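S.K.: The structure's right below; bear with me while I get my questions together.
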């Protein structure tokens, strides 16, 4: 049976590595064309959408690193970030499947925070 520590470490690696990979991909667009996810919202951004996505990429990389170094704080940051992305996708009126996925991932990040809190209390 998995221990709380094993579960916490698995989620820590997941929510540490995935944002870093997604953030790096904002510079290469190998996984997808990230600008497409902005939908009509790209019209309200005061500068080029590609530059905006690179800024988003840097934020995601930093968030992933924070999860790896300070999982309790990082988990809440990633959770909030994922909720904001889901809201933006829903307001944009498309990619509802991705919005739902991001909300589920936000729940996973919240779970990481709670497991980290339990683990920290044991030490």
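S.K.: Sort 58-70, 95-107 for me by packing, meaning the mean count of neighbouring Cβ atoms within 10 Å per residue, highest on top.
M.R.: 58-70, 95-107
S.K.: If packing is taken as the mean number of other Cβ atoms within 10 Å per residue, what is the order of 110-120, 20-30, highest first?
M.R.: 110-120, 20-30
S.K.: Rounded to the nearest 500, what is the 222 nm mean residue ellipticity of the chain from helices alone, with -39500 (n - 2.57) per DSSP H run of 4+ residues and division by all residues?
M.R.: -26000 deg cm²/dmol
S.K.: Taking the chain as the reference, fit the longest principal axis to its C-alpha atoms, fit the long axis of helix 96-122 to the helix C-alpha atoms, and give the angle between the two in degrees, 0 to 90, nearest 10.
M.R.: 30 degrees
S.K.: So for segment 4-65, Kirkwood radius off the Cα pairs, Stokes-Einstein at 4 °C and 1.567 mPa s: how many µm² s⁻¹?
M.R.: 103 µm²/s
S.K.: Now for a different question. Could you work out how far helix 49-69 tilts from the main Cα principal axis of the chain, as a 0 to 90 degree angle to the nearest 10?
M.R.: Value to nearest ten degrees: 0.
S.K.: Relative contact order, percent, of segment 4-122 when contacts are C-alpha pairs under 8 Å separated by at least 6 residues?
M.R.: Taking the mean separation of contacting Cα pairs over the length of segment 4-122, I get 32 percent.
S.K.: Taking 0.36 nm per intervening residue step and subtracting the Cα-Cα distance, what contour gain separates residue 31 from residue 98 on full extension?
M.R.: 22.7 nm
S.K.: Right, here's the next one. Does anyone have the angle between helix 71-92 and the longest principal axis of the chain? Alpha-carbon axes, 0 to 90°, nearest 10?
M.R.: Helix 71-92 sits at roughly 30 degrees to that axis.
S.K.: Need the full-extension length gain, residue 47 to residue 91, defined as separation in residues times 0.36 nm minus the C-alpha distance. One decimal, nm.
M.R.: 13.8 nm
S.K.: Separation between the residue 55 and residue 24 pseudo-spin-labels, each 7 Å from Cα along Cα→Cβ, expressed in nm?
M.R.: Distance between the two pseudo-spin positions: 2.4 nm.
S.K.: Sticking with this one: Pick from 77, 45, 17 the residue whose mean-square fluctuation is largest in a GNM of the chain, springs joining Cα atoms under 10 Å.
M.R.: 45
Every number here is computed from the coordinates shown, using simple stated rules; none is lab data. The structure displayed is predicted, hence computed values, not measured ones. Cβ atoms come from the backbone with ideal geometry, glycine included; neighbour counts cover every protein chain shown.
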